[in-house]
Amino acid sequence: MNSAFDIVTPPRSAYASAIEDAIGAIAPSWSLDRQIAVNPYWGFIDRTFDQAAATLRRLVGSRFTLAPSEYLTAWRACEITQAALTRALAESGASVTLGSAVASLKIHRPLCTGLPLVSDILDERTTPGAGPRWCDTITQQVSQFCASYFDEHQADWHRGRVGGLFRGWRAGLQSDHALEPLMDAPQVRARVPDLPVSADGAISWSLERLGIPPEEAREFLQVCLLRINGWASWCAYLSWEAGLAESSDPHLRELLAIRVAWEALLFNDRGEAESPGSQWRNRWMQARSIKPSPFDQIDLIWQRAHEISYQNRLVGLLTADGASRNAPRDDSRRAAQLIFCIDVRSERFRRALENTDPALETRGFAGFFGLPIRYTPIGTKMSRPQLPGLLAPAIDATESTGNARVDEAIAQRRESRLEVKGGWLPFQRLPSGAFTLVETLGIGYVSAILRRHFGADAHSVDSIGITTRDARTLHPHLCLPDADAVGRKTDLVISILRAMGLTSGFARLLVLVGHGSQSANNPQAAALDCGACGGQTGEVNSRVLAGLLNEQSVRAELRTRGLDIPEDTVAVAAMHNTTTDEVTLFDVAQLPESHVPDLERLQHTLVEAGHRTRVERAPSLGLTPLPQRPEVLLKQIRRRARDWAETRPEWGLADNAAFIVAPRSRTRGIDLAGRAFLHDYTWADDRDGAVLELIMTAPMLVTHWINLQYYASTVDPVRFGSGNKVLHNVACGRIGVFEGNTGDLRIGLSRQSVHDGERWMHTPLRLSVFIDAPREMIDTIISRHPTVRRLVEHQWLYLFRFADAGIERRHEGIWQAWESESPMS
């Protein structure tokens, strides 16, 4: 019988679909300065969650579940209930008893490494300790080449990009004399001239040389890309950004060509029985024929049981005493309305605010406040998007004093200061850079370093090169032509207020609360800021919208269109520091005298709510609050935020598990433990479903991305996490991090973001989405959007709705009543 590799060489076009499938399976990863959460399995949502788990397990040995011991611990602690496990077993259809499922957790699982490459076989044949492994050498070589190719901000010398990534790598490898003595492999450089100069040509040449038939090419190509997944994710980001600009980017295809070419260059095609090529062919076929382990299905059942246990308790909370919470709304005017981001960290603070002053109203809305802006601070060329990564900016924004001559003077002063600071950068790149800088600039700089090390106030990037005095005079605003500025601003405000469900009943103070984090010496700091603002704080967006809402010409135009904001309603921008739970109010000096008592009451409430929130969070930070001494706890938490050695300044969005799209009356008064994203929505005000469609196609996708990034960083931290934060070194100034000084680019969250050193601080559960809307409205939206349909029907998230008789779940296109257990304690 002929081998699977004994085939007629196919035309190169036969591999085209396999190439597209392979590069389409890689999810993007944003740069450090815009680091937002991404579902790393995004390229696999065209199949079910369980199918994707089986695929990645087969390809590279990736896990989609926790270690069995973690489920056993949760079972013994009753975090996974018997009723949940029984339901999970029934859903799976597996012929597994409850007893055998429990017993399976004590059985050792066989190691799964995935499908082998030629480099794996060569490493197996190498004597231990004889020298570097081929797999590591290839990763190192490709990674270092990519780092030098993509760098724009770190090195003094930059590699030329003429010809592209693949051609540059090919030329470099051909002239590289270091690999031959290091790996004792003179044949590699000798074969490089045979490689075609185009990426597609090189991929086809490599597959043909390796004898991969078209029907197996997709798997092989996917394995190759997943072996260099960090840089592949960066290249996928470049493709994503190009797509938003209705363009294309070739780098992911070229990276694939590089990684596949390495395997072909190592391949010995002499056909000898003991040659690496012959051995690899046999191992490849054997590995492809291995059936999945039955333990894989059992582990997925336990994962589902863990999710059902949470869903049971959450449904119990949402339905307990529902009649009182769903009573008609109090129509008396609120003391203030505060619009928070839907971020899970806002849930605790909103609850604390409402408990402190029940006369307040809080709402949840995406933290970029519906502004599709690209922001450029004055005196810089550093433009950045301030909106979700799913969207492209449509409007430019900057900052101004309102006086063009003053703006120009401030810009010139800042440019001069930034030029001086730029001269320090070569010192700061070195590990001992700070102390070298002291020797150069004098002993006076010591105090600045010591302040930073032992706890100085942190400053945002936007404050660099600008004085406090100048900063106080500047206000963010939109850059729109005067001719149609009022009309466009009004259009924007109307769409935002309608999406918020806020077209009447305005309070005297309308507070727009963006959020941001605070930490020191943290390359991944942007991951703790607002994902809806593209990994930035929400300050710019909140201040821009507050300015629009207070602009009298916009108010007048709104009234002509039937949306009347009362004369005494004043919008105020604010920012919630999620590390310290302090809230800063902006531009309050501009408030009229009549609103000073309202402002003072609000400020007092914010201080008390911050203290209550810190007390609730303190145990997770290893802190013990002292009764009657709130200032002590605040001082401790501020110190953590400024400490250069603190690897866990806050837990970010760890333990997120639910997204609730409903009026606040559905959740007000319920302790959701900072695990739920909360988006206000009233379907009665959205009869055509347009607002719900926006929510299900944008915020729901963003929360899903956050949820799956935390999930993947926990269950598969080697491939989809970024390792030990203490060992991080920034690559290319902004692109990402290495763990240490070698290896692949690391993506995802560091271990310190999900683990406290003793236990996981994030419980990996797929997102449970609860929507308060009619079945038909939800189903119509699902039918119109293939991506949403895949997420729901393939169980990448779970969809529930509030019904008259309780909670219903949508499963396999059918809505069914959910019978839950007792509520969360």
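The values are calculated or read from the model by the stated rules, or taken from the named source; none is laboratory data. It should be emphasised that the depicted structure is a prediction, and the values quoted were computed from it without experimental measurement. Using ideal geometry, Cβ is built from the backbone for each residue, glycine included, and neighbour counts are taken over all protein chains shown. To get the accessible areas, we keep the full protein, side chains included, count just its heavy atoms, and leave off ligands, DNA and RNA. Shrake-Rupley method; radii C 1.70, N 1.55, O 1.52, S 1.80 Å.
Structure above, values below:
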quantity	calculated
Answer residue from region 551-599, given it is of a type in the set (Asp, Glu) and at positive phi and is most open to solvent (accessible area, probe 1.4 Å) among those	Asp587
Close pairs from region 790-802: first at positive phi, partner open to solvent by 10 Å² or more (accessible area, probe 1.4 Å) and among the acidic types (Asp, Glu), Cβ under 8 Å, at least 6 apart	Gln795/Asp50
Boolean, Val596 is in contact with a strand residue (DSSP E or B) (Cβ under 7 Å, 6 or more places away or on another chain) and under 30 Å from Ser504 (Cβ atoms)	no
Helices (runs of 4 or more DSSP H) fully within region 80-152 counting 2 or more residues that are out of contact with any Cys (no Cβ under 6 Å at 6 or more places or on another chain) and aromatic (Phe, Trp, Tyr)	134-150
Which numbered condition Arg170 misses (of (1) in a helix (DSSP H, G or I); (2) surrounded by fewer than 19 Cβ atoms within 10 Å (Cβ to Cβ))	(2)
Positions within region 456-495 being assigned to a loop (DSSP other than H, G, I, E, B), modelled with pLDDT under 75 and open to solvent by 30 Å² or more (accessible area, probe 1.4 Å), in sequence order	Asp457, Ala458, His459, Ser460
Residue among Val540, Val486, Val544 that alone is hydrophobic (A, V, I, L, M, F, W, C) and out of contact with any Pro (no Cβ under 9 Å at 6 or more places or on another chain)	Val486
Residue in region 763-786 that is touching a helix residue (DSSP H, G or I) at 6+ places or on another chain (Cβ under 6 Å), more than 23 Å from Phe44 (Cα to Cα) and open to solvent by 40 Å² or more (accessible area, probe 1.4 Å) present	no
Top-ranked residue in region 745-762 [being part of a strand (DSSP E or B) and either within 16 Å of the chain's Cα centre (by Cα) or at pLDDT below 95 (or both); ranked as surrounded by the fewest Cβ atoms within 10 Å (Cβ to Cβ)]	Ser750
Unique match (being touching a residue at least 24 places away in the same chain (Cβ under 8 Å), among the basic types (Lys, Arg) and surrounded by fewer than 18 Cβ atoms within 10 Å (Cβ to Cβ)) among Arg639, Arg617, Arg664	Arg639
Condition met for Asp581 (at pLDDT 95 or above, touching a helix residue (DSSP H, G or I) at 6+ places or on another chain (Cβ under 9 Å) and within 22 Å of Leu353 (Cα to Cα))	yes
Subset of region 507-521 (residues that are open to solvent by 10 Å² or more (accessible area, probe 1.4 Å) and out of contact with any helix residue (DSSP H, G or I) (no Cβ under 8 Å at 6 or more places or on another chain))	Asn521
Residue within region 96-108 that is within 30 Å of the chain's Cα centre (by Cα) and farther than 20 Å from Leu225 by Cβ present	no
Whichever residue in region 352-370 is under 20 Å from Val607 (Cα atoms) and part of a loop (DSSP other than H, G, I, E, B) and, among such residues, is least open to solvent (accessible area, probe 1.4 Å)	Asp357
Residue, farthest from Gly652 (Cα to Cα), within region 320-348, restricted to residues that are over 23 Å from the mean Cα position of the chain (by Cα) and either surrounded by 24 or more Cβ atoms within 10 Å (Cβ to Cβ) or modelled with pLDDT of 95 or more (or both)	Ala336
In region 19-71, residue nearest to Leu791 (Cα to Cα) [restricted to those that are in a helix (DSSP H, G or I) and at pLDDT below 95]	Arg34
Selected residue (only one of Ala199, Ala190 is on the phi < 0 side of the Ramachandran plot, among the aliphatic types (A, V, I, L, M), open to solvent by 10 Å² or more (accessible area, probe 1.4 Å) and without any contact (Cβ under 8 Å) to a residue 24 or more places away in the chain)	Ala190
Hits in region 667-690 (condition: assigned to a helix (DSSP H, G or I) and in contact (Cβ under 8 Å) with a residue 24 or more places away in the chain)	Trp683, Asp685
For Trp644: the one exception among (1) surrounded by 22 or more Cβ atoms within 10 Å (Cβ to Cβ); (2) of a type in the set (Phe, Trp, Tyr); (3) at pLDDT below 95	(1)
When residues of region 242-254 are limited to those that are modelled with pLDDT of 95 or more and acidic (Asp, Glu), the one surrounded by the fewest Cβ atoms within 10 Å (Cβ to Cβ)	Asp249
Checklist (1) in contact with a Phe, Trp or Tyr (Cβ under 7 Å, 6 or more places away or on another chain); (2) at pLDDT below 95 applied to Ser95, failing item	(1)
So Leu317, is it open to solvent by less than 60 Å² (accessible area, probe 1.4 Å) and modelled with pLDDT of 95 or more	yes
Meets criteria (open to solvent by 30 Å² or more (accessible area, probe 1.4 Å), within 23 Å of Asn656 (Cα to Cα), outside any loop (DSSP other than H, G, I, E, B) and modelled with pLDDT under 95) for Val730	no
Residue selected from region 667-680 under the condition of a type in the set (A, V, I, L, M, F, W, C) and open to solvent by less than 30 Å² (accessible area, probe 1.4 Å), by the criterion farthest from Asp321 (Cα to Cα)	Phe677
Test set (1) farther than 22 Å from Gln140 by Cβ; (2) at pLDDT below 95; (3) out of contact with any helix residue (DSSP H, G or I) (no Cβ under 8 Å at 6 or more places or on another chain) - Asp184 fails condition number	(1)
Selection within region 691-708 - open to solvent by 10 Å² or more (accessible area, probe 1.4 Å) and either free of Cβ contacts under 8 Å to residues at least 24 places away in the same chain or in contact with a Pro (Cβ under 9 Å, 6 or more places away or on another chain) (or both)	Ala698, Pro699, Leu701, Val702
Residue in region 404-414 that is closer than 18 Å to Ala485 by Cβ and free of Cβ contacts under 8 Å to residues at least 12 places away in the same chain present	yes
Residue check, Thr742 modelled with pLDDT of 95 or more, hydroxyl-bearing (Ser, Thr, Tyr) and either closer than 26 Å to Ala676 by Cβ or in a loop (DSSP other than H, G, I, E, B) (or both)	no
Count - residues of region 395-408 that are assigned to a loop (DSSP other than H, G, I, E, B) and in contact with a strand residue (DSSP E or B) (Cβ under 8 Å, 6 or more places away or on another chain)	2
